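Below you'll find the structure, written out as structure tokens, and then a few comments.
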Ligand code: GUN
């Protein structure tokens, strides 16, 4: 069994990007610029956004943080999004979710210029990805694809079972893995809360992507010998032995499943560290006009 070390991979990717940015600086070219819009003071959102800003500093990007209080109106927020769309210095920006209930996330998302949508949430990017056109791909699926590629995990002709059908993980993963390419060319089954015989389907999987947000859902008797298991779960469960009072728990019962696997991602330290790095990859692609000319 080999552990897929997302922390180390993330570090390597960031070092590669930092080297590229250093070259841009040397050549006197424009430095990639990522902006983040944060509404309110939710603890999780604050720490995600802080991580994004830190990652920018690490690779030498310019970053901006735009903050609003919880009572910002939808119109004010949308006007800021339009301002970012028109700011030639900003290569990409994100609006941290969730937003307060009085603001439509869909409306805000659809206002973002797809060419700056480094989160890959805009329907234009989702659509382009689905038909195999160049597109910004959202952070978690892109991070998983990068891990599969760097660990040279063969997906061609393999049976991948994706557990979960969310718009930001399960569904895009199923699309990317079934597309032509490497990683890709897999036969994909999408399972969800209404799936019958889920255990039997999982037992047929060469690769399992567990993304249902249910801690310890995938047990040892659901996984065949030699399978690759990617754990996307990041549920906070109460803990008495951590400073924060919680710890992250994956969707996979690691101790039971790991001994059967050829490869497995731990939680924490697997998929998680790759997500912010994916955003950095997308911002660089945007600055280099690799997706849209
Ligand atoms: N909230 C949780 N994850 C994300 C993410 O990837 N992007 C944004 N914008 N908000 C989030």
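Table for the structure above
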| quantity | calculated |
| --- | --- |
| Length-normalised contact order of the stretch 79-213 in % [C-alpha pairs under 8 Å, at least 6 apart] | 19 |
| Percent of beta bridges antiparallel (DSSP, the chain, rounded to nearest 5) | 10 |
| Gyration tensor verdict on the stretch 238-293 (Cα atoms; rounded if a/c is under 1.5, prolate if a/b is larger than b/c, oblate otherwise) | oblate |
| Euclidean distance between Cα centres, the stretch 21-95 to the stretch 182-210, Å | 36 |
| Residue-span extension gain [residue 66 to residue 152] - 0.36 nm each, minus C-alpha spacing | 27.1 nm |
| Cα gyration tensor category, rounded, prolate or oblate, for the chain with a/c compared to 1.5 | prolate |
| Stretchable slack from residue 20 to residue 87, in nm (0.36 nm times residue separation minus alpha-carbon distance) | 21.8 nm |
| Gaussian network model of the chain, Cα within-10 Å springs - most flexible of 245, 143, 269 | 245 |
| Cα-Cα separations in the stretch 9-118 greater than 26 Å, expressed as whole percent | 22 |
| Angle in degrees between helix 6-26 and the longest Cα principal axis of the chain, rounded to the nearest 10 | 30 |
| Percent antiparallel among DSSP beta bridges (both partners in the stretch 134-293, rounded to 5) | 20 |
| With Cα atoms, 0 to 90° folded angle of helix 74-86 axis to the chain main axis | 80 |
| Rel. contact order, % - alpha carbon contacts under 8 angstrom, at least six apart, the chain | 21 |
| For the stretch 192-293, alpha-carbon Rg relative to the globular expectation (2.2 N^0.38 Å, N residues) | 1.30 |
| Angle in degrees between helix 43-59 and the longest Cα principal axis of the chain, rounded to the nearest 10 | 80 |
| Length-normalised contact order for the stretch 1-110 - Cα pairs under 8 Å, 6+ apart - percent | 31 |
| Cα-based radius of gyration of the stretch 55-213 once divided by 2.2 N^0.38 Å, which approximates compact folds | 1.20 |
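No value in this document is a laboratory result; all are computed from the given coordinates. Note that the structure is a prediction, hence the values are computed from the model and not measured.
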